[in-house]
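Below is one structure, written out as structure tokens; comments come after it.
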Amino acid sequence: MTTANGEAARETRTYAIGYLLALLLTGAAFGAVYWQVASAATVFGLVLGLGLVQMIVHFRFFLHITLGKSSRADLQLILFSTLIIVLMVSGTLVILFNLHHRMM
Amino acid sequence: MSAVEGIHPGLNLAHPHAEAQAETETALFGFWVFLMSDAVIFALLFATYGVMLHATVGGPTPSGVYEIGPALLETVILLTSSFTFGLASIAMKHGAPRRRLLGWLGVTLALGLAFLVLEVRDFLTMFAQGATPMRSGYLSSFFALVPLHGLHVAAGCLWLAVMMVQVVVFGIDERVRINVLRLGLFWHFLDIVWIGLFSVVYLQGLIR
């Protein structure tokens, strides 16, 4: 079956691209910290940015979440969970750092 | 893009009939809901860690106890295991010989176990430096967050072993296929959590 083989090759390529991109992004993040390419705050921002991009790469190439119509429900669930996470994490950090500041 | 692409998260199989496809879709969406709630648990432990980061009470500090080498090695091992699991899913989807599916699952299991060995070694090194969970708020939150991911990986390894036995005993039937797809989602999800861990915990701690 040539069509099945073609599909398998295409899927293998998808995983390989994802793996390569993930390795590059990981390498960049570790490299930025190892060689201290900029000030501490900039490096931390860079690491968080690279981490976010890498998460998107994993969702796209390993979990096959696309912007296509059929995977809309899964994507919506990711975005809703992200909203919950952002609200709870940022809320926790703001309240407790504020409390910490007032207790000083 | 074929018609079966993107019905559910992860690699989509070509199903012989619509009923099997609907069943797979429901099963995997349910598991996806669980994974997202698991993500919320991890996120809150991340928040706790962020708050506790400076509560070292004169004890070990992040830059004192973390090492960049083992963290990088663990990351590469986990990334590679995600890739090999992808190859296992592809082997299953396209009806490759059973030993190829078992082979890739075996490689993934070996990488998962290697990751666990390195992580436990890290924890033991930290214990030897006096960095135990009881020492400070920072270390309590660290040992709530990072070993929880390790525990998930350990559960994933157990599941991989069970999966390999199921493939041998039952062959690749509909139920086994759904289980392999679920395990795939779980394994790729753990890799995504690890991105957060090495960025927020290890790399942030090592920035001077």
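Details
- So B:V167, is it closer than 30 Å to B:Y49 by Cβ, of a type in the set (V, I, T) and either buried (at least 18 other Cβ atoms within 10 Å of the Cβ) or in contact with a His (Cβ under 6 Å, 6 or more places away or on another chain) (or both): no
- Lone qualifier among B:Q204, B:Q166 - being closer than 30 Å to B:G64 by Cβ, out of contact with any Cys (no Cβ under 8 Å at 6 or more places or on another chain) and touching a residue at least 12 places away in the same chain (Cβ under 8 Å): B:Q204
- Hits in the range B:179-208 (condition: farther than 20 Å from B:C157 by Cβ and assigned to a helix (DSSP H, G or I)): B:G196, B:S199, B:V200, B:V201, B:Y202, B:L203, B:Q204, B:G205, B:L206
- A:L25 vs. criteria more than 9 Å from chain B (Cβ to nearest Cβ), surrounded by 15 or more Cβ atoms within 10 Å (Cβ to Cβ) and assigned to a helix (DSSP H, G or I): no
- Among the residues of this structure, B:V153 does not count as one that is buried (at least 17 other Cβ atoms within 10 Å of the Cβ), closer than 30 Å to B:E23 by Cβ and touching a Lys or Arg at 6+ places or on another chain (Cβ under 7 Å).
- Any hit, the range B:7-26, residues being among the β-branched types (V, I, T), at the interface with chain A (Cβ under 7 Å from one of its Cβ atoms) and either crowded, with 17+ Cβ neighbours inside 10 Å or not in a loop (DSSP other than H, G, I, E, B) (or both): yes
- Some residue of the range B:168-178 being among the small types (G, A, S) and at pLDDT below 95: yes
- The range A:52-63, residues that are surrounded by 15 or more Cβ atoms within 10 Å (Cβ to Cβ) and without any contact (Cβ under 8 Å) to a residue 12 or more places away in the chain: A:M55, A:L63
- Within the range B:30-65, tally of residues that are of a type in the set (A, V, I, L, M, F, W, C) and not in a helix (DSSP H, G or I): 3
- Within the option set A:T66, A:T42, being farther than 20 Å from B:E74 by Cβ and not in a helix (DSSP H, G or I) holds for one residue only, A:T66.
- Subset of the range A:79-95 (residues that are within 7 Å of another protein chain (Cβ to nearest Cβ) and among the hydrophobic types (A, V, I, L, M, F, W, C)): A:I84, A:I85, A:M88, A:V89, A:L93
- For B:V107, the criteria (1) of a type in the set (A, V, I, L, M); (2) under 14 Å from the mean Cα position of the chain (by Cα); (3) over 23 Å from A:V33 (Cβ atoms) hold in every case but one, which is (2).
- Residue list for the range B:57-75, filter: surrounded by 17 or more Cβ atoms within 10 Å (Cβ to Cβ) and among the β-branched types (V, I, T): B:V65, B:T75
- The sole residue among B:L109, B:L105 that is buried (at least 21 other Cβ atoms within 10 Å of the Cβ), aliphatic (A, V, I, L, M), more than 14 Å from every other protein chain (Cβ to nearest Cβ) and within 22 Å of B:I195 (Cβ to Cβ) is B:L109.
- Hits in the range A:33-51 (condition: over 19 Å from A:L23 (Cβ atoms) and surrounded by 20 or more Cβ atoms within 10 Å (Cβ to Cβ)): A:V43
The values are calculated or read from the model by the stated rules, or taken from the named source; none is laboratory data. From a predicted model like this one, the values you see are computed outputs, not experimental measurements. As a convention, Cβ positions derive from the backbone with ideal geometry for all residues, glycine included, and neighbour counts pool all protein chains shown.
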